[in-house]
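These notes are about the structure you will find just below.
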Amino acid sequence: MTTQTNTEQAAKPAKSPQTAVAKKASLATLAELLPFLKPYLRQFLLAGLALLVAACATLAVPYAFKQMIDLGFGGNGDKSADHINLYFLALFGVASVLAIATAARFYMVSWLGERVPADIRSAVYAHVVTQSPKFFETTQRGEVLSRLTTDTTLIQSVVGTSISMALRNVLLFFGGMVMLFITSVKLTAIIFGALFLVVAPIVIFGRRVRKLSRDTQDRIADASAMAGEILNAMPTVQAFTHEKIESQRFSKLVEDAFVTAMRRIRARSLLTMIAILLVFGAIVFVLWLGAHAVIEGTMTGGSLGQFILYAAIVAGSIGALSEVLGEAQRAAGATERLLELLAEESPIQSPAVPKPLPQHSAGGATLSLKDITFHYPSRPDSPALAHLSLTIPAGETIAIVGPSGAGKSTLFQMLLRLYDPQQGSILLDGVDITELDLHTLREAIGIVPQDTVVFSANAMENIRYGRAGATDDEVIAAAKMAAAHEFIELLPEGYQSFLGERGVRLSGGQRQRIAIARAMLKNPPLLLLDEATSPLDAESERLVQSALEAAMVGRTTVVIAHRLATVKRADRIVVLEHGQIVEMGTHAELVALDGLYASLAALQFGVQG
C-alpha cells in the first residue's frame, strides 16, 4: 500500500513551542491545571474545610474583643472579673481552634503543592519523550529542562501556598466586610466605596506583571539552554580556547534575565505600594470618623475596637491578595509554557488499530521500500530521498555506500519511522510500517549508531538497555559476543562500574562495543549498523567484525559502510547519490562498472577499478 503521510506537515517548518498555544489575557490559564487537580478532590475538600474553620476563628476574634471591652472593662467588681475571665478563656479557645485548623490546612496544601507539580513534571516529560526528531530540531533541550524544573516550581508555589492564601483572604475579606456592615453601616459604606480605587491599579499592573513574569521565565530558559549546550561540548570549547567567550555569553543571558526580573519586581512593588496606600488611607480616614462617633456617644468603645480589627483584617486580606495575584500571574506564565509543551503533537503516531507483525522465521525479516520520497521539514525543496525502491529478502546483508549527504542516515531514520516519507511506503514482512504500533516496529529493529549513546549508569544497565528484562547472564553473554566483556571486567567494579555521563570513562571503541552488545542483547530480526566498527582499532575491529558476522546470521542486516572489509562481506552493495540508487551489485561487479562505487573505492579504500 502506498502512503502519503503528513505531506503538508513535513513541508512546513516545525513551529516552536512558544507559538503552540494562543496567549491568554487573564489568569484563566490556571484553569488548565484542573485535570491535574481533579484526582485529589478529597484532599482539596479537607484543606477547604480546615481553611473555613480557620477563617471563622479569625473572624470571631474581634467580636470577642468587643464583648471583653464593653462587658468586661465596662462593668464593676466581681461581675466584671467574671466577664474578663470568661472572654479571655473564650479568646484562648478561639486561638486553639485557629491553631489546629491552620496546621491542618498547611499540611494538606503543602502535600498538594508537592503532589500536583510532580504529576505535571511526569506528564510533560512523558509527552516530550514521544516527540519526533522534528520537535527536537526546533526546541533546545535546555529550554525543555527549564520548563520541567523552574516552571513547575512556580506552579508548586501556587498550588501549595498561593491558592490557600487566596481562598483564606477571600473568606476573610467577605467575612470581614459583613461584620463591618453589622458593626457600622455608615463607616463601612465609606470604606466599601474606597475599595473601587484599589481595583483599577491591581488589574492594570497585574497584567503587566504577568507579561514580565513570562519574559523572565523565557530569559532563564535561554540561559539554561545555552549552558546545557556548552557543558555538553566542553572538550571542543576548551580546544578552541573559548572558555572566556562562552562565560561572557552566559553572563549576558543571566544579566538579561536579571534585568527582566527586576522590571517584574518593580512592577509588583509598585502594585503592592499603591494597594496598601489606598486601602490604609481609606481606613485611617474612616477610623477618624469613628473616633468622633465615640466622642459623640453614637458608638461604643468596644464597637470601634471591633470595627478597627475587622478593618485591619479586610485591609490585610486585600494586601495579601495583591501579593498572591503577583504569584498567580507568574504561575500563569509558567503554566502557559508547560501547556505549550503538552500541546505539541508528534506527526509520527501509532495507528488507532495497529496490525500485528507476522511471526519471524529464523532467517530474519523481509524489507521492501517502494518509491520513497522524503524532504526534511527544514529543507522542503531538497529531497533527501527521491523515488527510492529496494527489496531486501530475509537473511540478506545489504551495504549502503555513497558520498556524504547521499541519504544513507536518512534511510535508517525512515526504517525506524522517526520520519514518515511524503511519498511511497516501507513494508516489513509485507506490512506497511505506518500500520504497525511504533513499539512493535522498533522492537523488531536493532541499531548500532555511529555516534554511540552511553548513559550515566553502570555497564550492566547500559547493555541491558537493549532488552529491559534481560538477566545478568544474558547481558554478559551479549558483551562477550561484542568483544566488550574483557575490558568491562578490567573496570574497577566490573559490570557495576559507573561509566560516567555520555560514557566519558570509556574510549570511543569501548563505547561502540557497548552499543553492539546492546543490539545483540535485543536480538532483533532486522539489524541496522551505521558504520559500527569505524571507531575501533585494528584488533578491536577484528574481534567485533567476527562478532557482527555471527550476529548477522539468521537476520536481515542493513549496513552503512565505508570500510572495505565490511562492504566486501555484504551480499549486495547499494550505492546512493542525491537520495537515489545509482548502482547496485557485489563489490566485484561494481568495481568492474567503473562508476561512482569504483571512484569511492579508489578514494576511500585505495582500490583501483
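The values are calculated or read from the model by the stated rules, or taken from the named source; none is laboratory data. No experiment lies behind these values; they were computed from the predicted model shown. Methodologically, a virtual Cβ is constructed for each residue, glycine included, from the backbone with ideal geometry; neighbour enumeration extends over all protein chains shown.
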- Task: Identify all residues within segment 338-367 that are of a type in the set (S, T, N, Q), touching a residue at least 40 places away in the same chain (Cβ under 8 Å) and under 9 Å from Ala394 (Cβ atoms); write none if there are none.
- Result: Thr366
- Check off (1) crowded, with 16+ Cβ neighbours inside 10 Å; (2) of a type outside the set (A, V, I, L, M, F, W, C); (3) at pLDDT below 75 for Glu340 and give me the number that stays unchecked. (3)
- Filtered residues of segment 118-134 (kept if modelled with pLDDT of 75 or more, outside any loop (DSSP other than H, G, I, E, B) and closer than 16 Å to Glu340 by Cα): Ile120, Arg121, Ser122, Ala123, Val124, Tyr125, Ala126, His127, Val128
- Task: Identify the single condition in (1) at pLDDT 75 or above; (2) out of contact with any Lys or Arg (no Cβ under 8 Å at 6 or more places or on another chain); (3) surrounded by 13 or more Cβ atoms within 10 Å (Cβ to Cβ); (4) closer than 30 Å to Thr335 by Cβ that Glu255 does not satisfy, given that it satisfies every other one.
- Result: (3)
- Task: Return the residue satisfying two criteria in turn: it lies in segment 33-44 and is of a type in the set (A, V, I, L, M) and surrounded by 11 or more Cβ atoms within 10 Å (Cβ to Cβ), and of such residues it is farthest from Leu342 (Cα to Cα).
- Result: Leu37
- Task: State all residues of segment 291-319 that are of a type in the set (S, T, N, Q) and free of Cβ contacts under 8 Å to residues at least 40 places away in the same chain; if no residue qualifies, say none.
- Result: Thr298
- Task: Check Ala275, Ala261 and return the single one that is more than 30 Å from Ala225 (Cα to Cα) and in contact (Cβ under 8 Å) with a residue 24 or more places away in the chain.
- Result: Ala275
- Test: residue in segment 461-472 that is farther than 26 Å from His375 by Cα, touching a helix residue (DSSP H, G or I) at 6+ places or on another chain (Cβ under 7 Å) and among the hydroxyl-bearing types (Ser, Thr, Tyr): yes
- Enumeration of residues in segment 431-459 that are part of a helix (DSSP H, G or I) and touching a residue at least 40 places away in the same chain (Cβ under 8 Å): Thr434, Glu435, Leu438, His439, Thr440, Leu441, Glu443, Ala459
- Message: Taking the criterion of being surrounded by 23 or more Cβ atoms within 10 Å (Cβ to Cβ), of a type in the set (S, T, N, Q) and within 50 Å of the chain's Cα centre (by Cα), would at least one residue in segment 302-321 satisfy it?
- Response: yes
- Item | Failed item in (1) in contact (Cβ under 8 Å) with a residue 24 or more places away in the chain; (2) under 28 Å from Ala399 (Cβ atoms), with Tyr495 passing the rest | (2)
- Query: Going through segment 234-252 one residue at a time, which ones are of a type in the set (A, V, I, L, M) and surrounded by 14 or more Cβ atoms within 10 Å (Cβ to Cβ)?
  - Reply: Val237
- Item | Answer residue from segment 492-509, given it is within 20 Å of Glu474 (Cβ to Cβ) and surrounded by 15 or more Cβ atoms within 10 Å (Cβ to Cβ) and is modelled with the lowest pLDDT among those | Leu499
- Task: Return a yes/no flag: does segment 56-69 have any residue that is of a type in the set (Ser, Thr, Tyr), modelled with pLDDT of 80 or more and either surrounded by 14 or more Cβ atoms within 10 Å (Cβ to Cβ) or touching a Gly at 6+ places or on another chain (Cβ under 7 Å) (or both).
- Result: yes
- Item | Identity of the residue in segment 423-455, under 21 Å from Thr130 (Cα atoms) and among the polar types (S, T, N, Q), that ends up surrounded by the fewest Cβ atoms within 10 Å (Cβ to Cβ) | Thr440
- Note on the structure: Log entry, pairs with first residue in segment 405-423 being outside any loop (DSSP other than H, G, I, E, B), second being polar (S, T, N, Q), beta carbons closer than 8 Å, six or more apart or on different chains, reads Gln423/Thr2; Gln423/Gln4; Gln423/Thr7; Gln423/Thr373
